[in-house]
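J.: This is the structure I have questions about; it appears just below.
The values are calculated or read from the model by the stated rules, or taken from the named source; none is laboratory data. Every value quoted in this text rests on a predicted model; they were computed, and no experiment measured them. All Cβ positions, even for glycine, are placed from backbone atoms using ideal geometry, and neighbour counts span all protein chains on display.
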Amino acid sequence: MMQTIPLERYEKSASYIREKIGGAVPETAVILGTCLGPLAEEIEEPVVIDYTDIPGFLVSTVASHAGKLIYGMLSGKRILCMSGRFHYYEGYDFNELSIPIRVFHLLGVKQVILTNAAGAINYNYKPGDICVIKDHINLCGASPCRGQNLEEFGERFYSVNGMYDQKLRELAKSCAVKLGFSLQEGNYFFAPGPHYETPAEIRAMRLLGGDMVGMSTVTEALTAAHCGMKVLCLSLATNLSADRTADPDEGIDKVSQMVSGRFGALLREIVRQL
Ligand code: HPA
């Protein structure tokens, strides 16, 4: 039987962060995914905390992920921002991946914006597109909430129908239009990685309704839904999916750099209008 992470571990992380940010209660958290880390530099009056200094937290092992928690102002709002996240492929179990969001919940966070880099499965999507996620498909059969239920966070059984908040999705789309572009809207298919997918797997994902494919986010969204947090997920198509290109990894950094200005503007406008 697996060990459930005790409430005390989450509380230890939360009280360390709470002290560092002077007891502030941030309503909104943002998680920056692969190659989107530079957006963290736009946060004003930052309080920067290394993940390695937070007791009970996790440690980022991916080179393109900074591994810092930043508290500060974005578009006039106080936010908590993770620059770099944790993934299943790094070796973490699904239930360990509940830690960041549950710590946010203990700090008073009510809504979270998840961002990621992903492959474009949908034939109408191209690298550089930003997609607002309306739902996800996780066929790994695992949950971050597996194990003894901790009532502090939510009920044993919970609905994930509509966990990608419709109002926030509408807000994201209208912010994009205001900035002069439009967003795609589709389903995120979770792939455990660290390898990219086979072309046959992608074809199966497409048949099942996947529009984007990526190795993150679902554990965070499932944890957030459990503790009643609103979720917005923005996915940057950094590459064509593995059946549309010989090497999905090629060009990811270039596309991220190309789109990071637009992505940052979108994020700032969404936060401003929250
Ligand atoms: N597959 C899985 N994860 C990804 C991809 C992809 O094509 N692109 C960026 N992250």
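J.: Please state which of the following conditions Cys233 fails to meet, knowing it meets all the rest: (1) within 14 Å of the ligand (Cβ to nearest atom); (2) over 30 Å from Glu8 (Cα atoms); (3) surrounded by 13 or more Cβ atoms within 10 Å (Cβ to Cβ); (4) not β-branched (Val, Ile, Thr).
T.: Every condition holds for Cys233 apart from (2).
J.: Can you tell me which residue is nearest to the ligand (Cβ to nearest atom) among those in segment 239-262 that are of a type in the set (Ser, Thr, Tyr), modelled with pLDDT under 95 and closer than 28 Å to Leu171 by Cβ?
T.: Out of the qualifying residues, it is Ser256.
J.: Pull up segment 196-216, narrow it to residues that are in a loop (DSSP other than H, G, I, E, B), within 10 Å of the ligand (Cβ to nearest atom) and not hydrophobic (A, V, I, L, M, F, W, C), then point me to the one that is surrounded by the most Cβ atoms within 10 Å (Cβ to Cβ). I'd like the intermediate steps shown before the answer.
T.: Going residue by residue through segment 196-216, those that are in a loop (DSSP other than H, G, I, E, B) are 196-198, 209-211, 215-216.
The next check asks that each one be within 10 Å of the ligand (Cβ to nearest atom); those that pass are 196-197, 215-216.
Subset that is not hydrophobic (A, V, I, L, M, F, W, C): 196-197, 216.
Values: Tyr196: 19, Glu197: 22, Ser216: 28.
Within segment 196-216, the match that is surrounded by the most Cβ atoms within 10 Å (Cβ to Cβ) is Ser216.
J.: Output the number of the condition that Gly186 fails; it satisfies all remaining conditions of (1) more than 10 Å from the ligand (Cβ to nearest atom); (2) touching a residue at least 40 places away in the same chain (Cβ under 8 Å); (3) part of a helix (DSSP H, G or I).
T.: (3)
J.: Taking segment 125-150 as the region of interest, how many residues are of a type in the set (Lys, Arg) and assigned to a loop (DSSP other than H, G, I, E, B)?
T.: Step one: list which residues in segment 125-150 are of a type in the set (Lys, Arg), which gives 126, 134, 146.
Filter once more, so that each one left must be assigned to a loop (DSSP other than H, G, I, E, B): 126, 146.
Summing the residues that are of a type in the set (Lys, Arg) and assigned to a loop (DSSP other than H, G, I, E, B) in segment 125-150 gives 2.
J.: Among the numbered criteria (1) part of a helix (DSSP H, G or I); (2) farther than 19 Å from Tyr123 by Cβ, which single criterion is violated by Gly228?
T.: Failing condition for Gly228: (1).
J.: Across segment 93-151, what is the total count of residues that are surrounded by 22 or more Cβ atoms within 10 Å (Cβ to Cβ), within 13 Å of the ligand (Cβ to nearest atom) and of a type in the set (S, T, N, Q)?
T.: Residues meeting the conditions: 2.
J.: Since Ile79 meets every condition but one in (1) in contact with a Pro (Cβ under 8 Å, 6 or more places away or on another chain); (2) surrounded by fewer than 19 Cβ atoms within 10 Å (Cβ to Cβ), which condition does it not meet?
T.: (2)
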